[in-house]
Structures are given as structure tokens and as C-alpha cells.
1. For the range 60-101, what are the residues that are farther than 23 Å from Leu23 by Cα, assigned to a loop (DSSP other than H, G, I, E, B) and at pLDDT 95 or above?
2. Name the helices (runs of 4 or more DSSP H) wholly within the range 103-200 that hold at least 3 residues that are under 25 Å from Ser213 (Cα atoms)?
3. If I filter the range 18-27 for residues that are at pLDDT 95 or above and either farther than 18 Å from His173 by Cα or in contact with a His (Cβ under 6 Å, 6 or more places away or on another chain) (or both), do I get at least one hit?
4. Taking Thr353 as the residue in question, decide whether it is surrounded by fewer than 18 Cβ atoms within 10 Å (Cβ to Cβ), closer than 20 Å to Arg211 by Cβ and β-branched (Val, Ile, Thr).
5. Scan the range 197-208 and give yes if some residue there is of a type in the set (D, E, K, R), within 16 Å of the ligand (Cβ to nearest atom) and in contact with a strand residue (DSSP E or B) (Cβ under 9 Å, 6 or more places away or on another chain), otherwise no.
6. Residues Val234, Val205, Val246: which one is at negative phi and buried (at least 24 other Cβ atoms within 10 Å of the Cβ)?
7. Any residue in the range 213-224 that's near the ligand (Cβ under 8 Å from one of its atoms): show its pairings with residues that are assigned to a helix (DSSP H, G or I) at Cβ separation under 8 Å, as long as the two are six or more apart or on different chains.
Amino acid sequence: MLQGKKIVLGVTGGIAVYKAVDLVSRLRKQGAEVRVVMTEHAQEFVTPLTFKEISGNQVAVSMWTSNQEFNVEHISLANWADAFVVAPATANILAKMACGLADDLLSTTLLAAQAPIIVCPAMNTGMYENAITQENIAKLMQHGVTVMPPAVGHLACGTTGAGRLPEPEEIVHFINGFFAQCTGDMRGLRVLVTAAGTREPIDPVRFVGNRSSGKMGYAVAQQAAERGAEVLLVTGPSALPIPANVKAIKVETTKEMLDACLEAFGSMDVVIKAAAVADYRPRDVADQKIKKKTDDALTVVMDKNPDILKELGSRKEKQILVGFAAETQNLLANAKEKIIKKNLDMIVANDVTAAGAGFNTDTNIVKFLYPDGKLRSLEQMPKTEVANLLLDAVMEMRQQKM
Ligand code: PMT
């Protein structure tokens, strides 16, 4: 998405300026051309020379320097860019933008900007949560500025809360998603993805679960968002961060996943169920931790859970419905049965006993199987690549249906 894109990066004065250096480097690696504008305060943290070396371009710092690259610097930059990104964006620059102030090169350039603007607020939690900052952010959004929410965590001022600048990698994903929503092949499509495993409680401290890490489903959600889709991720517990530009609902049990999926299903164009769903749940959940007894065995009676995918299959109208099949034997026969039983458009079958495939690996080895028996076998590849090929297949199926 970023190949050949021209990005003006505004850098304002906060401790997170150091992350902006890495951001420039990552944007360039993805093929973007980056020109940096620094405020006076930003230069207290990192020198323009660092950004000049990393961006490969002169850094604009003042309206009044005589060695400017362009004739009227702020207007030229404003016209040159495909997008403006302000990272980190202090409370001060947000307030100036919200008021239309233009008292330095960056604020003047932003006021003259013709291209879309993305801001990444980063500041102390109190400043971020202050009603005035929130009003300024709301006003900017009303005027079409895109705001990447700050991360929550430990801040340089010693407190913990919202206000951290997200990691450069996440900002790049966000910018990619932003461009994808303008030009990606999946723009305008609503995609529901499920990921990770569900957990069924036995007592307050124990559960029945499985080995799913969420890597496969999160990769699908991320790639769909980067291709411009509006993505809803319904996820069981996972250590992975929610991908940029993806809306997430976190669930624990199969019943919670079912409810979230049913509520969203009607408005979806595509549903991809990569989650490993518990087929059974303990009939009785103990209120207190079950104590060790003298018996050698503990019997937990399990009841069958609803089959979410089958339920969605029975309600399918316009949606493309894709399931996954995690098998340890008879891969194709079992996958074929699931396609029919669950009324799917396609199933992604993986033999989870194969090395480099299945649970908690960065790669997968899968077969795409269709209701008419058509089969496509993929070699071992990163889960992000599997995700992209899967989305290509989904787009082909949509075209055929139209
Ligand atoms: O998360 P990772 O560590 O990256 O691992 C990836 C994965 C192995 C979990 C993934 O590639 C995968 O195979 N997911 C499907 C796992 C699974 O539950 O397979 P299944 O054959 O039991 O179920 C078939 C399909 O029905 C799946 O799409 C599943 O989401 C769905 N299902 C199953 C049971 C149930 N009660 N409700 C469901 O919706």
C-alpha cells in the first residue's frame, strides 16, 4: 500500500520522538517517500540531522530559514503529500490544529494541507483525558482528521494509562490500513474473523481449552484490514495485540463467541472462522476451586456446545462463509464433510500434526477445498501469506457470485 506514497511526517515535542525515527525507517522500507517537519520543541529531543539521514531528505524546521528546499515551504509540502502523519502529536499541536492556528512551519503546513491527515496523540494520561484535549480530538475528527488512538501502558512520566505512542510497526499498519480504505481491493466489505481458542470453565481457576494462539485468525484479520475491509475480530484469549484498524470483541466461551457472531452476521459480507472452538463444555461449573479429594479420578461431565459455523451456515444469505478444519487424520474426507454439514463456500484444511502447520506456529500448510470438490494445495508458508491467498480466493468467489 505504501509503495510510492508521499508522506509528510510532522514530529512534535514529546519523549516519544525517538520512535518517530524508527517510523520513518519503516515507512521507507515499505516504499514510501518521507519528508519530515519538526517543531522547535521536537528538536530538543532528537536533532534534524537524524531525521535527515533516516528519511534521505532535508528536514523542514522553520518558516524563516534561508536554505529552504522549496520556494514557499509550507505550501509546497502541503501540495506534495499524499498524506500527513503527525507522530507523536502533543496536546499542543492538537489544540492548535483544532483552533486553526498557524504559528510555526508544522501548524501552517497542516492548515494548508490538501491531503488527508492522520494524528497519533502521545502525552501524559491526564493531558490526554482532559476534556479540552478530548474536545479538540473530537473536533478534528469532525473535520476529517483520522486519529490513531494512543496505546495504554507505562508512560515516561511514571504513570500508567492511555497516552503512549503506539509502536512504529503498529503505526505503519495503521497508515497502510488508512490507504487501503481508500484504494484496497476489499474496501467497502465487512469481514468477520474469529480467532484463537475458546475456553470453558470448570471452576474459577480451571478451564478446558486448546492450543490455538490466534496467529492464523489475527493474520487474516490484519491482511483483510490492510486490503481495506472493515474487519470485526471475535477472539478468544490470545497474547497477540489487536491488529491496527481492526475492531475486536474479546470472548472466552463458545457461547460468548456464538452470541457475538450471531449479532454481527447479518451485516457481514464475508465470514472467516479460524477460531478453534470448544465442542464441549463442563455441565456444572463449580463456584469454588475444586479441592483435591482422596479418589484417584475426577469425572467432569461435558455437554455439547453449539456449532457456531453450522448455525451461521443455516442463516447464510449473501455472505461468503469460510471455515477452517483442524485435523489429525483423514484431512480431506473430514474437511469435505464439514463443508457440506456447515453449508460453507470453502474450507481451509490443515493437518495440525505436520511440522510448521497448525497451532502456535508462524507458518501453516493448508488446502483450500470447495463444495464442488475443487482442491488447491499450498506449500508451507507464513500465516500472513496463507491469509492473503485465502482473501484472494474469497474475492474470486465474490466475483463469481455477482
Ligand atoms: O491460532 P493458531 O495457533 O494460529 O492455530 C491455527 C488453527 C490451527 C487454530 C487454525 O488454522 C484452524 O485450523 N482453526 C480451526 C480449528 C477448529 O476448531 O477446527 P474444527 O475442525 O474443530 O472446526 C471446523 C470449523 O468449525 C472451524 O472453522 C471452527 O471455527 C468451527 N466450529 C467448530 C466447532 C464449533 N462448536 N463451532 C464452530 O464454529
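The values are calculated or read from the model by the stated rules, or taken from the named source; none is laboratory data. As the structure is a computational prediction, the values presented were derived from the model and not from experiment. Cβ: placed from backbone, ideal geometry, glycine included. Neighbour counts: every protein chain shown.
1. Passing the criteria: Gly100, Leu101.
2. In the range 103-200, the matching helices (runs of 4 or more DSSP H) lie at 168-183.
3. Yes, some residue in the range 18-27 is at pLDDT 95 or above and either farther than 18 Å from His173 by Cα or in contact with a His (Cβ under 6 Å, 6 or more places away or on another chain) (or both).
4. For Thr353, the condition - surrounded by fewer than 18 Cβ atoms within 10 Å (Cβ to Cβ), closer than 20 Å to Arg211 by Cβ and β-branched (Val, Ile, Thr) - is met.
5. yes
6. Working: Val205 fails: buried (at least 24 other Cβ atoms within 10 Å of the Cβ); Val246 fails: buried (at least 24 other Cβ atoms within 10 Å of the Cβ).
Exactly one of Val234, Val205, Val246 is at negative phi and buried (at least 24 other Cβ atoms within 10 Å of the Cβ), namely Val234.
7. Sorted first by the residue in the range 213-224, then by its partner, the pairs are Lys215/Lys383; Met216/Lys383; Met216/Val386; Met216/Ala387; Ala219/Lys383; Ala219/Thr384; Ala219/Val386; Ala219/Ala387.
Yes/no per residue for (1) under 15 Å from Gln222 (Cβ atoms); (2) of a type in the set (Lys, Arg):
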site: Ala355; (1), (2): no, no
site: Thr361; (1), (2): no, no
site: Val366; (1), (2): no, no
site: Pro371; (1), (2): no, no
site: Lys374; (1), (2): no, yes
site: Leu389; (1), (2): yes, no
site: Ala393; (1), (2): no, no
